[in-house]
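Colleague: Structure incoming, see below.
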Amino acid sequence: MSAEVIWGLATSHVPSIGAAMDRGKTEDPNWKGLFDGYRPAREWLAEHRPDVAIVIYNDHANGIDLDIVPTFGIGTADRYTVADEGFGKRPVPDVIGDPDLSLHLLETLVDDGFDLTVFQELDVDHGFTVPLSVWTPDPGDAWPCPVIPLLVNVIQYPQPTAKRCYALGQAIGRALKSYPKDITVGILGTGGMSHQLAGARAGMINPEFDAMFMAAIESDPAKLAALSREELIREAGSEGIEMIMWLIMRGAMNERVRKVHSHYFVPASNTAAGLALFDNRAS
Amino acid sequence: MSAEVIWGLATSHVPSIGAAMDRGKTEDPNWKGLFDGYRPAREWLAEHRPDVAIVIYNDHANGIDLDIVPTFGIGTADRYTVADEGFGKRPVPDVIGDPDLSLHLLETLVDDGFDLTVFQELDVDHGFTVPLSVWTPDPGDAWPCPVIPLLVNVIQYPQPTAKRCYALGQAIGRALKSYPKDITVGILGTGGMSHQLAGARAGMINPEFDAMFMAAIESDPAKLAALSREELIREAGSEGIEMIMWLIMRGAMNERVRKVHSHYFVPASNTAAGLALFDNRAS
Amino acid sequence: MRSEIPGTPVFDGQTSRRGFRMNKLFMSLRFAENRERFRADEGAYCDEFGLSPEQRQAVIDRDWQAMIDLGGSIFYVYKLAMMDGRSMQYLGGVFTGMTEEEFVAAMRAGGRTDVR
Amino acid sequence: MRSEIPGTPVFDGQTSRRGFRMNKLFMSLRFAENRERFRADEGAYCDEFGLSPEQRQAVIDRDWQAMIDLGGSIFYVYKLAMMDGRSMQYLGGVFTGMTEEEFVAAMRAGGRTDVR
Ligand SMILES: [Fe+3]
Ligand SMILES: [Fe+3]
């Protein structure tokens with residue numbers, strides 16, 4: 001028996017993507033190109049609902065403060081409240097967790113030498129809910145399945161290295177294989193693509209780097225795992241470094257995956273938005 | 001240039017040891033044996049004052065709560081307040097930190113694949129202040145030098161493995177060697193020795209295991225690093241597992257160390273109290 | 001997979017989840033104003049923290065063993081004991097069926113070396 | 001050892017230490033009652049959070065660049081901007097010497113691909 005990753009979804013988590021959906025602006029000329037590009041992925045995902053999902057994301061001054069900054073964190077709660085980020089909660093359902101799988105991951109990963117921080121209570125912000133909305137635009141009263149948050153520090157230097165993120169993903173893959181129940185899992189790596197919010201380079205976009213990253217995340221993740229923090233910040237921008245979270249997702253998948261769909265769009269507010277959906281049952 | 005560990009001190013951090021000192025009971029028949037045994041270590045330490053100290057400890061429901069439990073944490077503040085644990089603060093000085101060294105350790109250790117949680121604000125409890133008092137019974141207005149807290153989860157299963165703790169210690173040793181200033185460092189590993197506070201085994205003491213641990217921490221730490229959580233809990237008690245923190249201290253020291261003094265005493269309230277002082281300049 | 005060790009409660013993730021609200025209550029007792037509010041109406045204070053009926057009863061009854069069984073961490077439970085002026089040796093006695101004096105005597109005699 | 005990347009503030013440990021109290025203030029603005037208290041007396045609110053005189057002035061003047069220079073994290077600074085009804089594109093304009101419209105136009109034209 002084991003938990004089997006059936007798909008991996010890499011996607012930006014820009015708040016304005018959620019806001020565009022919440023305000024019914026997805027057909028606006030400035031947004032239509034983005035949301036049209038999501039459609040094939042959403043259709044495929046609707047037909048491949050997993051038993052549990054894991055969302056790899058970072059918080060943006062909503063669920064955790066700067067007095068305690070964990071490199072990696074995992075939620076073990078049975079419920080996660082949607083955060084009020086200062087303009088009211090997003091009109092989306094709270095998140096049901098899966099404490100059994102959370103604790104299995106925690107125990108296995110700590111044994112494997114990953115120094116996770118355990119969250120028994122956590123409000124989840126747009127970094128978490130926007131990817132769920134990208135996956136499931138109309139959740140109704142509940143998201144398609146229980147979801148486990150895996151938090152990564154991408155805001156405060158030193159972030160975990162790309163190499164460490166990839167290794168964590170691989171360890172998650174191993175941990176899922178040893179789960180003593182037969183379940184299917186979807187895994188979401190969030191953030192990116194290139195963007196920088198402050199400084200004289202604010203607004204920078206690097207389509208060549210993004211294209212390289214989009215190709216390599218499928219076929220050569222080890223190449224991305226070799227990037228230093230400095231290279232990531234230089235090429236993808238001070239906030240684009242958050243793409244290291246895609247590597248955690250990718251590490252949890254098989255060596256060979258099949259790309260179902262990908263999409264690249266500029267801009268989602270100040271950001272290059274990317275989406276890539278991979279079928280883990282490549283065979 | 002480098003930061004050089006000049007000594008390592010392993011010591012219990014039982015609150016009643018601090019209370020006995022704060023209340024002037026060190027000459028009481030029930031306590032005298034413990035404090036007399038500290039004297040040779042204290043005398044040696046008074047003559048070997050480092051520029052900075054690192055205290056490896058765990059919090060006991062005072063500085064952090066169970067909603068966020070980090071496996072490993074490091075403080076980066078310039079000051080740490082002594083916690084009020086519910087009976088007023090201990091009458092000891094607040095702790096001055098060393099943010100430069102903290103941040104050097106943080107960046108080096110994260111690069112080395114340790115997933116630390118960063119504390120910018122932290123109240124330190126008896127787990128931290130009692131070892132300082134064991135080292136320096138009369139600090140006056142200030143402790144002998146700045147001190148950096150390194151937090152370890154020993155309360156909530158899964159604790160980091162003994163192996164991981166020893167590896168973290170070794171990584172701390174390497175990180176200190178690369179510090180771009182010439183300073184001396186004292187390192188304190190706290191907790192233990194055998195004890196169990198709850199359950200039908202409450203009050204258990206295992207002098208044979210403690211003697212083995214005391215000998216091996218000097219000459220064969222790798223043997224201790226191979227102990228499983230289950231072995232530690234069985235042999236040292238559900239709270240005695242905190243002796244994994246001694247291994248972090250030991251890992252940061254040289255392969256060969258010279259024992260200056262050690263002492264073993266039962267009981268400090270419900271605990272076997274141990275002290276071991278090692279000179280890292282064995283030559 | 002963890003093996004059980006007889007007579008040894010292990011505070012693991014499921015235990016911590018079970019005891020979460022009760023342990024939060026205990027931690028709040030670090031502050032004098034909370035201790036006063038608790039003393040003034042223990043039941044109401046328990047309800048405020050969302051304790052289960054069993055946990056609420058265990059707290060009010062000072063049923064220390066039940067608090068541990070219902071997810072209490074000994075370090076947190078001890079905050080309540082301290083408030084009551086109880087020592088860790090008193091609790092040790094409760095958990096082992098001894099009086100505090102007997103438990104202290106056992107510790108001074110070198111600890112319970114027979115139960116390991 | 002970190003190499004500097006021109007035009008790119010990196011929010012590292014020393015920056016975070018410097019901006020700690022100011023960022024705490026920004027985070028507090030998630031809550032309506034805090035926004036009201038802040039609006040009622042911005043200086044007093046800054047003092048309550050222990051901001052340095054420079055940080056206090058930067059906040060009151062809405063000197064966004066100074067807030068970043070004085071240790072603000074953009075995600076935290078943004079909480080204040082949101083309260084003022086300012087967008088991230090407006091801030092982008094401030095940091096790059098453009099109007100909000102110019103910045104939005106640059107993004108819609110594919111982003112600032114010339115500054116990387
Ligand atoms: Fe983000
Ligand atoms: Fe302890």
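The values are calculated or read from the model by the stated rules, or taken from the named source; none is laboratory data. All figures in this text were calculated on a predicted structure; none of them were measured in a lab. Methodologically, a virtual Cβ is constructed for each residue, glycine included, from the backbone with ideal geometry; neighbour enumeration extends over all protein chains shown. Side chains are part of the model used for accessible areas, which takes the heavy atoms of the whole protein and leaves out ligands, DNA and RNA. Shrake-Rupley method; radii C 1.70, N 1.55, O 1.52, S 1.80 Å.
Colleague: When the label point is put 7 Å from the Cα of B:A226 along its Cα-to-beta-carbon vector, which residues of region B:187-218 have a backbone N closer than 17 Å?
Modeller: Once the point is set 7 Å along Cα→Cβ of B:A226, B:212-218 turn out to lie under 17 Å by backbone N, inside region B:187-218.
Colleague: Next up: Show B:H195, A:H263 ordered by accessible area, largest first, where the area counts protein heavy atoms only and the probe is 1.4 Å.
Modeller: A:H263, B:H195
Colleague: Quick one: with label points 7 Å out along Cα→Cβ, list the inter-copy distances for B:G24 in nm, shortest first?
Modeller: List, nearest first: 7.8 nm.
Colleague: To the nearest 10 Å², what's C:R108's accessible area with a 1.4 Å probe?
Modeller: 140 Å²
Colleague: Turning to a different aspect of this structure: Hey, if we sort C:S87, B:S12 by accessible area with the 1.4 Å probe, largest down, what's the order?
Modeller: Details: C:S87 30, B:S12 0 Å².
Largest accessible area first, the list is C:S87, B:S12.
Colleague: Would you tally the net charge around C:Y45, using a Cβ to Cβ cut-off of less than 15 Å, leaving C:Y45 out, and scoring K and R as +1, D and E as -1?
Modeller: +1
Colleague: Report, ordered by chain and residue number, the aspartates and glutamates lying within cross-link reach of A:K177, taken as a straight Cα distance under 16 Å and ignoring same-chain residues fewer than 8 apart.
Modeller: Within the straight-line limit of under 16 Å, A:K177 reaches these aspartates and glutamates: A:E4, A:D51, A:D100, A:E107, A:D111, A:D112, A:E255.
Colleague: Taking the Cα of B:R49, stepping 7 Å toward and past its beta carbon, and measuring to each backbone N in region B:68-102: which are under 17 Å?
Modeller: What the label zone holds, given the 17 Å backbone N cut-off, is B:93-98.
Colleague: Give me the percent relative contact order of chain C, please, defined on Cα pairs under 8 angstrom at least 6 residues apart. If you can, show how the numbers build up before the last one.
Modeller: Values: 96 pairs, mean separation 29.3, N = 116.
The normalised contact order for chain C reaches 25 percent.
Colleague: If you put a point 7 Å past Cα along the Cβ direction, how far is that point for B:K181 from the same point in each other copy, in nm, smallest first?
Modeller: For B:K181, the inter-copy label distances come out at 5.1 nm.
Colleague: Here's something else I'd like to know. Hey, what's the per residue convex hull volume over the C-alpha atoms of region D:13-84, in cubic angstrom?
Modeller: About 72 Å³ per residue, rounded to a whole number.
Colleague: Under 22 Å Cα-Cα from A:K25, which lysines qualify once same-chain neighbours fewer than 8 residues away are excluded?
Modeller: A:K89
Colleague: At a probe radius of 1.4 Å, what is the per-residue accessible area of A:K163, in Å² to the nearest 10?
Modeller: The accessible area comes out at roughly 150 Å².
Colleague: Check the straight Cα-Cα distances from B:K163 and name the lysines below 17 Å, setting aside those fewer than 8 residues away within the same chain.
Modeller: B:K223
Colleague: Under 10 Å, Cα contacts only: if you run a Gaussian network model on chain A, which one of A:A61, A:A175, A:A20 comes out with the highest mean-square fluctuation?
Modeller: Of A:A61, A:A175, A:A20, the Gaussian network model singles out A:A61 as fluctuating most.
Colleague: Magnitude of the Cβ-charge dipole of region B:3-279, K/R +1 and D/E -1, about the Cα centre, nearest 20 debye? Each step should come with its number before you reach the end.
Modeller: Values: 22 positive and 38 negative charges, 150 e Å.
My answer is approximately 720 debye.
Colleague: Picking from B:N58, B:A273, B:V154, whose Cα lies most toward the positive end of the charge dipole for region B:3-279 (charges on Cβ: Lys, Arg +1; Asp, Glu -1)?
Modeller: B:A273
Colleague: Related question: Taking the Cα centre of region A:193-264 as the origin, how large is its charge dipole in debye, to the nearest 20, when only Lys and Arg (+1) and Asp and Glu (-1) carry charge on their Cβ atoms?
Modeller: Value, rounded to 20: 180 debye.
Colleague: Using a/c under 1.5 as the rounded threshold, could you call region A:3-279 rounded, prolate or oblate? The axes a ≥ b ≥ c are square roots of the C-alpha gyration tensor eigenvalues, and prolate needs a/b larger than b/c, oblate otherwise.
Modeller: rounded
Colleague: Once you order the gyration tensor axes a ≥ b ≥ c over the Cα atoms, which shape class does region A:40-182 get: rounded for a/c under 1.5, otherwise prolate or oblate by comparing a/b with b/c?
Modeller: Oblate shape, in that a/c is at least 1.5 and b/c is the bigger or equal ratio.
Colleague: Next up: At D:E42, with labels set 7 Å past Cα in the Cβ direction, how many nm apart are the copies from this one, shortest first?
Modeller: Sorted ascending, the copy-to-copy spacings read 5.2 nm.
Colleague: For the ranges A:268-277, A:152-161, A:43-52, what's the packing order if you count other beta-carbon atoms within 10 Å of each residue, average per peptide, and put the highest first?
Modeller: Numbers: A:268-277: 25.8, A:152-161: 22.9, A:43-52: 15.5.
In descending order of packing, they fall as A:268-277, A:152-161, A:43-52.
Colleague: Another question, if that's okay. Leaving ligands, DNA and RNA out of it, work out the accessible area of A:R42 with a 1.4 Å probe and give it in Å² to the nearest 10.
Modeller: My reading of the accessible area for A:R42 is about 40 Å².
Colleague: While we're on this one: Please report the projected area of the protein assembly as shown's Cα convex hull averaged over all directions, in nm².
Modeller: Seen from a random direction, the Cα hull of the protein assembly as shown projects 33.1 nm² on average.
Colleague: Now, a different point. Counting Lys +1, Arg +1, Asp -1, Glu -1, what net charge surrounds C:N34 among other residues with beta carbon under 14 Å of its beta carbon? Walk me through the numbers on the way to the answer.
Modeller: Details: positive: C:K24, C:R30, C:R35, C:R37, C:R39, C:K79; negative: B:D65, B:D84, B:E85, C:E33, C:E36, C:D41, C:E42, C:E48.
With Lys, Arg at +1 and Asp, Glu at -1, the net is -2.
Colleague: Just which residue of chain B brings its Cβ nearest the axis of rotation onto chain A, and by how many angstrom, rounded whole?
Modeller: Minimum Cβ distance to the axis, with residue: B:D115, 2.
Colleague: If you don't mind, there's one more thing I want to ask. Below 15 angstrom from the Cβ of A:A162, what's the summed charge of the other residues (Lys, Arg +1; Asp, Glu -1)?
Modeller: Result for the local shell: -2.
Colleague: If you split all Cα-Cα distances of region A:188-283 into 10 Å bins from zero, what percentages do you get per bin, shortest first?
Modeller: In whole percents, the pair-distance histogram is 17, 52, 26, 5, 0.
Colleague: If you put +1 on each Lys and Arg Cβ and -1 on each Asp and Glu Cβ, how big is the dipole of the protein assembly as shown around its Cα centre, in Debye rounded to 20?
Modeller: On the way: 78 positive and 110 negative charges, 236 e Å.
Dipole of the protein assembly as shown, to the nearest 20 debye: 1140 debye.
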